[in-house]
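Structure record follows, encoded as structure tokens.
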Amino acid sequence: MIRDITIGQYFPTGSFLHKLDPRSKIILVLCYLVLIFACRNFFGLGLIVTLTLLFVAVSKVSFKLIFKGLKSIVLIIIFTSLLQLFYNDKGDILLEFWKIKITTGGVFTAIFMAVRICCLILVSSLLTYTTSPTLLTDAIERLLSPLNKIHVPVHTLAMMMTIALRFIPTLIEEIDHIMSAQKARGASLDTGSLTERAKALIPIFVPLFINSFRRAFDLAFAMECRCYHGGAGRTRLRVMKLGYRDAIAFAVTTIAIVGVILFNIFFKSVI
Amino acid sequence: MNETILKFEDVYYAYEGDEGETLPNAVDGVSFEINKGEFVAILGHNGSGKSTVAKLTNAMLVPQKGKIFVKEYDTSVEDNELKIRTTVGIVMQNPDNQIVATIVEEDVAFGPENLGVPQKELRTRVDNALKLVGMYEYKDYEPHKLSGGQKQRIAIAGVIAMQTECIVFDEPTAMLDPKGRKEVLAAIHDLRQKGYTIVLITHFMEEAVDADKIIVMNDGKIILTGTPKEVFTQSDLLYECDLAVPQVTLLSKAIKNNGINMPDDILTTDEFINAFTANIKQKRKL
Ligand SMILES: Nc1ncnc2c1ncn2[C@@H]1O[C@H](COP(=O)(O)OP(=O)(O)OP(=O)(O)O)[C@@H](O)[C@H]1O
Ligand SMILES: [Mg+2]
């Protein structure tokens, strides 16, 4: 069941989005996240939804996978939307019974909320779907490298992130193994009261921790054998170069930004 | 002509215990020489100091007494560290714990990246190393989607990409299934053909039978060195050190003890079959 999580995974399909410079992807995603919250009427929202679906299509990652990722947060979306629906009392009253009052304002905000969260998740997961984790951390490292000047250990942090990403699947596999091993010895993990279940987790996490320390020592050894000595003087296999694709992506984003601003100015905001 | 690539001169090493006390010597007066291009196997039971020897070879540990030379470089001199680690590389037992990056080719590039190799050359080095271990098609894979044998070959490629001349394998097949074992051994033998110097630390006697030289360790000491034939004929001594001689060797010895004429130095199934059929044919003639 732990293996079903798709958020944060990478699907190499070699699409246009995959070939973008990861640095521009990060910046563009940040732009879209701001944009998603900046739009205030249905025209802007429509533009954003269209663009998001366009990106999904361009990424060539299968729709099934993408919506599987969304499924895990459906509950959150429904919950926040319902909250908006019942608590917002702006606008005309559509429906009123007992103590509940549903207004147009409530309906609009609920729709906005749901669509925004979906777009938010889609756009940010597209970033990880189309960028290998190493490239991603690499890009973050390069984007943050000015911070080196004020003595933030950017390279070290990026390396820590890479290693964490590298070992997550290994540790998940290990949890699976340990769980099976403990179950084989008669441990029951999904019955009993909450405290009993919490207690049953101890024999899973203790070996996990011990093994993790062993792994950490081994890995440090392997890294040192391969002459790792921090970020100084390191070269990179992958060069990052802005290309015509990045120009296209930036152009599209600029149009989107201008579009949303114009819509905001010329049309009434609904929330 | 015979250039020495690795030389231990009466080396002692003892670990420190948790309270700072000195533990008994893990390596206890070891001397040997390994020439360029040789394939040397180191055998020994658990805790006999094999891994410690491996760590001493590339200055990850420095001997408390005695000297170790990699080519002409003394491992106790700190400035030699880089030279030493680009000459001798280590592949460890656990395939999961020595892969650093999240994509195969980036992991292979990790070593040379640290050395500051320029990007163009990095590319060719990585591609060549991956081709050499037969993993080029997997260069975009995530390591956790590979089998143990494949991961081990990636680790080998990572060492090759640093252009090391000598590779020390510390029980590289101990955690693999038979298929993975075969793959890794095939890769090691390929490297041998290509002229790499190979030190194979192993539990499996069968992996040592075609070595140029075998070093047998027990409790931190070398108790036996020689060609496979010289070593495996000493089955009693090996038995004392908890080491099992290849089964065919034991079998032919048992047959010989039953009064059938068999040579002492049979190490592989093929040799056994040849000797045995020769025997039978001779009997028929009589
Ligand atoms: N980090 C350490 N700290 C303390 N003692 C150690 C350490 N590593 C190894 N030893 C001890 O040193 C001795 C030699 O260990 P070493 O790992 O070299 O043996 P080995 O031949 O590789 O064994 P194995 O076949 O189990 O890998 C053992 O007695 C071991 O307990
Ligand atoms: Mg060992």
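Filtering the stretch B:77-87 to residues that are surrounded by 14 or more Cβ atoms within 10 Å (Cβ to Cβ) and over 22 Å from the mean Cα position of the chain (by Cα) leaves only B:N80. Residue check, B:N97 against (1) within 14 Å of chain A (Cβ to nearest Cβ); (2) more than 16 Å from ligand 1 (Cβ to nearest atom), all met but one. Which one? Result: B:N97 fails condition (2) only.
Please work out if B:T197 is within 23 Å of B:N46 (Cα to Cα), in contact (Cβ under 8 Å) with a residue 60 or more places away in the chain, away from ligand 2 (no atom under 16 Å from the Cβ) and of a type in the set (S, T, N, Q). Considered against the rule, which asks whether it is within 23 Å of B:N46 (Cα to Cα), in contact (Cβ under 8 Å) with a residue 60 or more places away in the chain, away from ligand 2 (no atom under 16 Å from the Cβ) and of a type in the set (S, T, N, Q), B:T197 comes out as no.
Every condition in (1) within 14 Å of chain A (Cβ to nearest Cβ); (2) under 17 Å from the mean Cα position of the chain (by Cα); (3) within 11 Å of ligand 1 (Cβ to nearest atom); (4) of a type in the set (A, V, I, L, M, F, W, C) holds for B:I90 except the one numbered (3). Evaluation of B:G148 against the conditions (1) closer than 26 Å to B:A54 by Cβ; (2) buried (at least 18 other Cβ atoms within 10 Å of the Cβ); (3) at the interface with chain A (Cβ under 10 Å from one of its Cβ atoms); (4) of a type outside the set (D, E, K, R) shows that the sole unmet condition is (3). Of the residues making up the stretch B:151-166, not one is outside any loop (DSSP other than H, G, I, E, B), touching a Gly at 6+ places or on another chain (Cβ under 6 Å) and more than 9 Å from every other protein chain (Cβ to nearest Cβ). Of the helices (runs of 4 or more DSSP H) lying entirely inside the stretch A:38-92, the ones with 2 or more residues being among the hydroxyl-bearing types (S, T, Y) are found at A:42-59, A:74-87. When the stretch A:215-251 is filtered for residues that are among the acidic types (D, E) and within 8 Å of another protein chain (Cβ to nearest Cβ), the ones remaining, listed by number, are A:D218, A:E224. Scanning the stretch B:46-72 for residues that are within 17 Å of the chain's Cα centre (by Cα) and more than 14 Å from chain A (Cβ to nearest Cβ), we see that the one that is nearest to ligand 2 (Cβ to nearest atom) is B:K50. The single residue among B:E16, B:E106, B:E78 that is of a type in the set (D, E, K, R) and near ligand 1 (Cβ under 10 Å from one of its atoms) turns out to be B:E16.
On inspection, B:R192 fails the criterion of being over 12 Å from the mean Cα position of the chain (by Cα), away from every other protein chain (no Cβ under 13 Å) and away from ligand 1 (no atom under 16 Å from the Cβ).
Only one entry in B:L61, B:L130 is among the aliphatic types (A, V, I, L, M), away from ligand 1 (no atom under 16 Å from the Cβ) and assigned by TED's automatic domain parsing to the domain that holds B:I214, namely B:L130.
Here is the figure for the stretch B:125-150: residues that are basic (K, R) and farther than 19 Å from B:P112 by Cβ total 1.
Would you call B:P143 buried (at least 18 other Cβ atoms within 10 Å of the Cβ) and more than 12 Å from chain A (Cβ to nearest Cβ)? Here the answer is no, as B:P143 does not meet what is asked.
When we screen A:F63, A:F97, A:F67, A:F55 for residues that are among the hydrophobic types (A, V, I, L, M, F, W, C) and in contact with a Leu (Cβ under 7 Å, 6 or more places away or on another chain), the only hit is A:F55. Looking across the stretch B:197-243, just one residue is loosely packed, with under 15 Cβ neighbours inside 10 Å and within 14 Å of ligand 1 (Cβ to nearest atom), and that is B:D242.
Within the stretch B:14-45, the residues that satisfy the criterion of being hydroxyl-bearing (S, T, Y) and more than 16 Å from ligand 2 (Cβ to nearest atom) are B:T22, B:S31.
For the stretch B:33-58, the tally of residues that are within 16 Å of ligand 1 (Cβ to nearest atom) and buried (at least 17 other Cβ atoms within 10 Å of the Cβ) stands at 16.
For A:Q182, the criteria (1) touching a residue at least 12 places away in the same chain (Cβ under 8 Å); (2) closer than 30 Å to B:A157 by Cα; (3) assigned by TED's automatic domain parsing to the domain that holds A:T156 hold in every case but one, which is (2). The residues of the stretch B:157-187 that are under 11 Å from the mean Cα position of the chain (by Cα), in contact (Cβ under 8 Å) with a residue 24 or more places away in the chain and more than 16 Å from ligand 1 (Cβ to nearest atom), listed by number, are B:C166, B:I167.
Considered as a group, the residues in the stretch B:244-286 that are part of a loop (DSSP other than H, G, I, E, B) and more than 28 Å from B:H203 (Cα to Cα) include one that is modelled with the lowest pLDDT, and that residue is B:L286.
Selection within the stretch B:104-122: residues that are surrounded by fewer than 23 Cβ atoms within 10 Å (Cβ to Cβ), facing another protein chain (nearest Cβ under 7 Å) and over 26 Å from the mean Cα position of the chain (by Cα). The member of this set that is nearest to B:D190 (Cα to Cα) is B:V117.
The values are calculated or read from the model by the stated rules, or taken from the named source; none is laboratory data. Predicted, not measured: the structure shown is a model, and the values here were computed from it. Neighbour counts run over all protein chains shown; Cβ positions are idealised from the backbone, glycine included.
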